[in-house]
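Scroll down for the structure; my scribbles are underneath it.
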Amino acid sequence: MRIPFVPNNVMVHRDRFDFIQQYRGGGFMLIAGSIYWLLAFVLTYVLDETLLTKVYIWGGLLVPIIGSLFYKLLKMKANPSQYTSLVGFASAITVCCFPVLLLVNQLDSTKILPILCIINATHLIILCWVHLEYLYFIMVMVGVCLSMAFIYSIPSVYVHFICLIWGLISLIFGVIIHINSKIPLKGYDYQIIDEKVYGI
């Protein structure tokens, strides 16, 4: 989906276009993330609170592994790109926020999931720019609003339902992005720049 505040006739460098096309807009990673969230919801009814909290905080580290498996199962191939590193740095935001989650756990463990959802949604802003995909921005807004509702309005006894809701949102948006990116940059009247820049 085209970003409304970005000009329709965008100029995109070849390596960026190839990255968007070959990684299918990154939708497969959203699907991988949805598995973590949906699994966390199911485990709420299985594990005790102490172990469950550890799953909430550290379980997200499995997402890159699940994403790599999807990448192979979908038989996707991509050329080396500077944007791969940028997306990796964006994902590292979640890891860097682990101390925040540990602090929240000490103060009020019922707030871990909403805070984690905000952190998870925040790193999608970078993906919105990289893939020129407005659905990522919509996900950010939905994730933050959803988290604020669970922090300030919805009773903490229902906090685990944020896993179900955010997991389904991630799954649906991931599938949509993956399907739509089969034809990259839908909605844009883009021009690909093939020039090469050589260092001195």
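The fraction of all Cα pairs in the stretch 55-200 landing in successive 10 Å bins from 0 to the largest distance is 9, 34, 34, 16, 6, 1, 0, given as whole percents.
Full extension of the chain between I192 and L164 yields a length gain of 6.1 nm, computed as 0.36 nm times the residue separation minus the alpha carbon distance.
Leaving out ligands, DNA and RNA, what percent of the accessible area of the chain is carbon and sulfur, probe 1.4 Å? Before the final figure, lay out the partial values.
On the way: 7630 of 11090 Å².
Summing carbon and sulfur atoms, their accessible area is 69 percent of the total for the chain.
Based on the Kirkwood radius over alpha-carbon pairs, what is the Stokes-Einstein translational diffusion coefficient of the stretch 1-140 at 20 °C with 1.002 mPa s viscosity, in µm²/s? Rounded to a whole number, D works out at 130 µm²/s. Taking label points 7 Å from Cα along the Cα-to-Cβ direction, I179 and Q82 give a separation of 3.5 nm.
With the biggest extent put first, the Cα atoms of the stretch 107-169 measure 38, 23, 16 Å across the principal axes.
Output needed for the stretch 23-67: three equivalent-ellipsoid semi-axes, defined as square roots of 5 times the C-alpha gyration tensor eigenvalues, in descending order, whole Å. Could you put the intermediate results ahead of the total?
On the way: eigenvalues 113, 20, 6 Å².
Ellipsoid half-lengths, sorted descending, are 24, 10, 5 Å.
Working from label points 7 Å from Cα in the Cα-to-Cβ sense, the T53 to F5 distance is 3.9 nm.
FRET efficiency for the pair I138 and L39, taken as 1/(1 + (r/R0)^6) with r the Cβ-Cβ distance and R0 = 30 Å, rounds to 0.80.
With only Lys, Arg, Asp and Glu charged, each at its Cβ (+1 for the first two, -1 for the last two), find how big the charge dipole of the chain is about the Cα centre; round to the nearest 20 debye.
Values: 12 positive and 9 negative charges, 92 e Å.
It works out to roughly 440 debye.
Would you please give the residues with an amide H less than 5 Å from that of C97, counting only those at least 5 places away or on a separate chain, with H modeled from the backbone geometry? When sequence neighbours closer than 5 places are left aside, there are no close amide H contacts.
The values are calculated or read from the model by the stated rules, or taken from the named source; none is laboratory data. All values reported here derive from a predicted model rather than from experimental measurement. When we count neighbours, we look across all protein chains shown, and the Cβ atoms used for this are built from the backbone with ideal geometry, even at glycine. Accessible surface areas use protein heavy atoms only, side chains included; no ligands, DNA or RNA. Shrake-Rupley method; radii C 1.70, N 1.55, O 1.52, S 1.80 Å.
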